[in-house]
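First up is the structure itself, then whatever we jot down about it.
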Amino acid sequence: MMIIDDLSHLVLTYIAAVESCGGKLSVEALNAYGKQPERIIFNDMYAGQAGRGVLISAQVSSENDEPWISDEAFDRFLSRLHWIEVSDGAVHLTQLGKAVLEAANSANLEGDSTIEVLIDPSNQFAYAQVMNKIAQVGESLVVDPYLSAETAIDLAQIHTVKRVLTGDRNIRKLQGRFSIVMRSRSDFEIRYLDQKSLHDRYVISEAGSVIVLGSSLNSIAHRQGVITPLDRMGSKFISEAYEKLWQQSSLLNDVSESKETDFPAS
């Protein structure tokens, strides 16, 4: 049973990190971090912005899409639960807060589920959640066998995404649009492989971690799915395998007239 939500866990960890280094965390700094702990991602196409604080706050809305109702500042929330105390303008974890943080950390290590994000097509923030998660991975290679031009545009706006590998389904038809997207960033490249060589979807960090996307990015609005991190051994295996596939992949200017085959997206 979960005793603390992800954002509160993150905020408690942040307080503990500052305290462990002898730092002084003000109430203002605490609330700023709790409101928006990560960089805001701005999507020019949809004129929307998302970050973990924004998304988690949004999920507190009612079933009837009434205005968000959770506006309690983190200093008031954590003080109410006696997890923090404020003295001399600085925030400190109480013994109770430390116990809760230790229990939450243990649950993360021993929990029976490794699912990080549930993709619910009925959630209007599902797509933004996934893009936000991809941005958090750091510099990465995104593998999606059924990449659409629209998704390529969105990925290009995430500056930590450096490479995208897709299948050759309709590649000749998409070549022009993919090339335009690539010209928008000098450090962004799309390549393709034979469709039969790709099936799963991954975000592969250059630092070595890997997350699995349970659904193609172009179908998130229509299908349920999950985002799952791989363990160290699995991440190493996938990273090495897809680095080899990247080296074997074709550049967009290699597209030939023979690439006409259509495959159903999955």
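The values are calculated or read from the model by the stated rules, or taken from the named source; none is laboratory data. Values in this document were obtained by computation on a predicted structure and should not be read as measured data. Here the Cβ positions follow ideal geometry from the backbone for every residue, glycine too, while neighbour counts run over all protein chains shown. What goes into the accessible areas is simple: the full protein's heavy atoms, side chains included, and nothing from ligands, DNA or RNA. Shrake-Rupley method; radii C 1.70, N 1.55, O 1.52, S 1.80 Å.
Among the residues of segment 79-103, those identified as open to solvent by 50 Å² or more (accessible area, probe 1.4 Å) and part of a helix (DSSP H, G or I) are R80, Q95, L96, K98, A99, E102.
Restricting Y202, Y146 to those that are crowded, with 17+ Cβ neighbours inside 10 Å and part of a loop (DSSP other than H, G, I, E, B) reduces the list to Y146. Residues of segment 151-173 that are open to solvent by 30 Å² or more (accessible area, probe 1.4 Å) and either closer than 17 Å to A135 by Cα or in a helix (DSSP H, G or I) (or both): I153, Q157, H159, T160, K162, R163, R172, K173. A single member of F178, F188 is closer than 28 Å to Q124 by Cβ, crowded, with 20+ Cβ neighbours inside 10 Å and aromatic (F, W, Y), and it is F178. Across segment 17-32, the qualifying residues are those that are open to solvent by less than 50 Å² (accessible area, probe 1.4 Å) and assigned to a loop (DSSP other than H, G, I, E, B), and the one among them that is modelled with the highest pLDDT is L25. Would you confirm, using the coordinates I've provided, whether A241 is at pLDDT 90 or above, open to solvent by less than 20 Å² (accessible area, probe 1.4 Å) and among the small types (G, A, S)? No; evaluated as a whole, the condition is false for this residue. Output the residues belonging to segment 5-16 that are closer than 14 Å to L81 by Cβ and either among the aromatic types (F, W, Y) or assigned to a loop (DSSP other than H, G, I, E, B) (or both). The one that is closer than 14 Å to L81 by Cβ and either among the aromatic types (F, W, Y) or assigned to a loop (DSSP other than H, G, I, E, B) (or both): D5.
Just so you know, in segment 104-140 the residues that are touching a Ser or Thr at 6+ places or on another chain (Cβ under 6 Å) and assigned to a loop (DSSP other than H, G, I, E, B) include one that is modelled with the highest pLDDT, and it is E139.
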